[in-house]
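The values are calculated or read from the model by the stated rules, or taken from the named source; none is laboratory data. Worth saying up front: this structure is predicted, and the values here are computed from it rather than measured. Using ideal geometry, Cβ is built from the backbone for each residue, glycine included, and neighbour counts are taken over all protein chains shown.
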Amino acid sequence: MFTMSSWEELGEAAKLVNIQNIEPRAYQISIAKSVSRGYNSLVVLPTGLGKTMIAVFAIAHAVSKGKKAIMLAPTKPLSEQHYQSLCKLLNIEASKILLLTGSISRKKRAAIETDAKVIAATPQTIANDLKANRISLEEFGVVVFDECHRAVGRYAYTYIADECKLRGVQLLGLTASPGSNKKKIDSLLSALDIENIEIRISTDADVAPFVMDKSSRAIFVEKGRPMDDILIRLRSLMDEHLTKLYKYGLSPFSRYENIPKGKILQIGTSIDRLQPSSYKFMAMYNYVFLLNLSHAYDLLSTEGFYPFMSYMDSLVSREKKSRALQSLLNNKEVIDSMNAAKKALDLGIEHPKIFKIIELITSTLKGKTVIIFAQYRSTIKRIVELLSEYNIDSRAFVGKKEGITQIGQKQVIEDFRNGKFKVLVATSIGEEGLDIPGVDAVVFYEPIPNEIRNIQRRGRAGRIKYGEIIILVTRGTKDEIYFMISKVREKRMYELVNRAMQDLGEKTAARQQRLYSHGQ
């Protein structure tokens, strides 16, 4: 049985928010009340369940107390999205709400920051202005860190958080997924000096009524004979070089099929620590050979012939080639593998995942809006090309590194939102925060072992209607390993956050007890 909730429960802050036609949700009001107590808070809430509204009330609470507020987001497009939300939701003069990004000149920023009550900004811009004394946090009541799982290491979030701590400014971190590594979560809690954690999952009683149904399934595919023939050839060659590293005592494994990807990278670290010698030179030679070939192997087995050839062609076109790379490209087995891959492409053979996507979009997903997530630009290009051959209108959504401007990105999303095409094929840029409309289905071209990105990808479906999540897994490849890892890490993430919340509660209770005892 649920009790009726009202935005008015949030007091003066509610008067500064346009709450008309926005349904009050008990969990949002409960979290907003908790944040309003002034403790540095971490809010963990699934994608699409209204973290922005909680941030708006935290900002309104600060403004109602005569303070200013900042809402930070890691990218310019996301900052612009927050700015638009703040203008729409806050009962504050539009001129008092400022969008602050690096595209505004430093001189102009200094002139307009002073007059603003609420600022939406990228962290690097605020960090730069703090360092140059163009802005002071003295008058600010709260700083909101959206996608706060980035507040680790030397990222600008951590610098701003340190400045907030020095000046007694409340910190509010928002994320759908803080990570599954205890060290990383502890680092995040420390960076934001978190005193209060509010976490909800989709099955919690106060959240469940607002969660759209989703179905999730994995579709397993076989590599096929043409691909397997090449992979066997490449695997034999990698085993040859890995065995040499094993004999040097630099690898715990002598066969490629037994070694995790992380262990391969550790071999390079071990070699770097060796004193210069012919032994080190030979070790590095075998390592570079193995590293390049293992990436090509993974691209072929999990991505397809086209991404494999794109990578090999990039190696061939390098102006400067190490001895190991030159040896790899001149190797008969590698040359034969490249020729076999070219032949497969000429015959119209590709990774079975792509044809499974075509099958899905022309049958069960026909006419539905779909986002396909893939790791590599070459994979995305190939998917879009083949979908086009089957008269399926799709667009690539990639980042600036791939040569697409932010204006171009906005246009693609706008066209997708307006139904000009049904299938969006995206890199990781489509995962985090951007206002991509809720879609009917999300397809993972490959599983990813990162729980943060997994949650963000899945959150694109089922935001305002029933959603379907499909994960494509190639048997006998790293896909299967990553598929298992992603499940384990997500479960661990919630366990660690809940444990951290309990620890904070115990510390608070102990502190209050000490104060009470002292008072007695």
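Quick notes on this one:
- Put simply, of 223, 280, 263 the only residue that is farther than 30 Å from residue 47 by Cα, basic (Lys, Arg) and touching a residue at least 60 places away in the same chain (Cβ under 8 Å) is 223.
- Residue in region 376-383 that is without any contact (Cβ under 8 Å) to a residue 12 or more places away in the chain and either of a type in the set (Ser, Thr, Tyr) or not assigned by TED's automatic domain parsing to the domain that holds residue 78 (or both) present: no
- The set of residues in region 309-337 that are crowded, with 17+ Cβ neighbours inside 10 Å and within 26 Å of residue 480 (Cβ to Cβ) comprises 309, 310, 311, 312, 334, 337.
- Check on residue 236, under 29 Å from the mean Cα position of the chain (by Cα) and either modelled with pLDDT of 90 or more or not in a helix (DSSP H, G or I) (or both): no
- So residue 109, is it farther than 24 Å from residue 192 by Cα, crowded, with 20+ Cβ neighbours inside 10 Å and charged (D, E, K, R): yes
- So residue 299, is it in a helix (DSSP H, G or I) and out of contact with any Lys or Arg (no Cβ under 9 Å at 6 or more places or on another chain): yes
- Residue list for region 142-161, restricted to those being under 17 Å from residue 121 (Cβ atoms), surrounded by fewer than 21 Cβ atoms within 10 Å (Cβ to Cβ) and not hydroxyl-bearing (Ser, Thr, Tyr): 156
- Hey, residue 468 of a type in the set (D, E, K, R), in a strand (DSSP E or B), modelled with pLDDT of 85 or more and buried (at least 17 other Cβ atoms within 10 Å of the Cβ) or not: yes
- Unmet criterion (only one of (1) at pLDDT 95 or above; (2) closer than 22 Å to residue 212 by Cβ; (3) surrounded by fewer than 22 Cβ atoms within 10 Å (Cβ to Cβ)) for residue 48: (1)
- Selected residue (criterion: farthest from residue 356 (Cα to Cα)) from residues of region 383-425 that are among the small types (Gly, Ala, Ser) and in a helix (DSSP H, G or I): 408
- Filtering 323, 377 for residues that are over 21 Å from residue 398 (Cβ atoms) and not hydrophobic (A, V, I, L, M, F, W, C) leaves a single hit, 323.
- Cβ pairs under 7 Å, 6+ apart, first in region 160-182 and part of a loop (DSSP other than H, G, I, E, B), second among the polar types (S, T, N, Q): 176/47; 176/456; 177/456
- Taken together, the residues in region 193-219 that are surrounded by 14 or more Cβ atoms within 10 Å (Cβ to Cβ) and either under 30 Å from residue 341 (Cα atoms) or free of Cβ contacts under 8 Å to residues at least 12 places away in the same chain (or both) amount to 2.
- If you filter region 128-141 down to residues that are under 24 Å from residue 39 (Cβ atoms) and small (Gly, Ala, Ser), you find that the one that is farthest from the chain's Cα centre (by Cα) is 136.
- Hits in region 162-179 (condition: crowded, with 23+ Cβ neighbours inside 10 Å, in contact with a Leu (Cβ under 7 Å, 6 or more places away or on another chain) and farther than 18 Å from residue 34 by Cα): 178
- Per-region count, region 87-109, residues in contact with a Ser or Thr (Cβ under 9 Å, 6 or more places away or on another chain) and under 16 Å from residue 69 (Cβ atoms): 3
- Odd one out for residue 79, checked against (1) assigned to a loop (DSSP other than H, G, I, E, B); (2) closer than 19 Å to residue 157 by Cα: (1)
- Sole residue being buried (at least 18 other Cβ atoms within 10 Å of the Cβ) and either outside the structural domain of residue 14 (by TED's automatic domain parsing) or modelled with pLDDT of 95 or more (or both), chosen from 78, 137, 99, 86: 86
- Every residue from region 229-245 that is among the charged types (D, E, K, R) and either loosely packed, with under 13 Cβ neighbours inside 10 Å or under 14 Å from residue 293 (Cα atoms) (or both): 233, 235, 239, 240
- Of all the numbered requirements in (1) in a helix (DSSP H, G or I); (2) in contact with a strand residue (DSSP E or B) (Cβ under 9 Å, 6 or more places away or on another chain), residue 119 misses one, and that requirement is (1).
- Matching residues in region 375-407 - criterion: being within 22 Å of residue 103 (Cβ to Cβ) and either at pLDDT 85 or above or touching a Cys at 6+ places or on another chain (Cβ under 8 Å) (or both): 397, 398
- Test: residue in region 203-224 that is among the charged types (D, E, K, R) and over 30 Å from residue 49 (Cβ atoms): yes
- Screening 248, 287, 306 for residues that are in contact (Cβ under 8 Å) with a residue 24 or more places away in the chain and surrounded by fewer than 22 Cβ atoms within 10 Å (Cβ to Cβ) leaves exactly one candidate, 248.
- Scanning region 61-94 for residues that are without any contact (Cβ under 8 Å) to a residue 60 or more places away in the chain and under 22 Å from residue 176 (Cα atoms) gives 79, 80, 83, 84, 85, 86.
- Odd one out for residue 32 among (1) crowded, with 22+ Cβ neighbours inside 10 Å; (2) touching a strand residue (DSSP E or B) at 6+ places or on another chain (Cβ under 6 Å): (2)
Table: residues versus (1) outside any loop (DSSP other than H, G, I, E, B); (2) without any contact (Cβ under 8 Å) to a residue 24 or more places away in the chain; (3) in contact with an Asp or Glu (Cβ under 9 Å, 6 or more places away or on another chain).
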site	(1), (2), (3)
20	no, yes, no
27	yes, no, yes
34	yes, no, yes
49	no, no, no
55	yes, no, yes
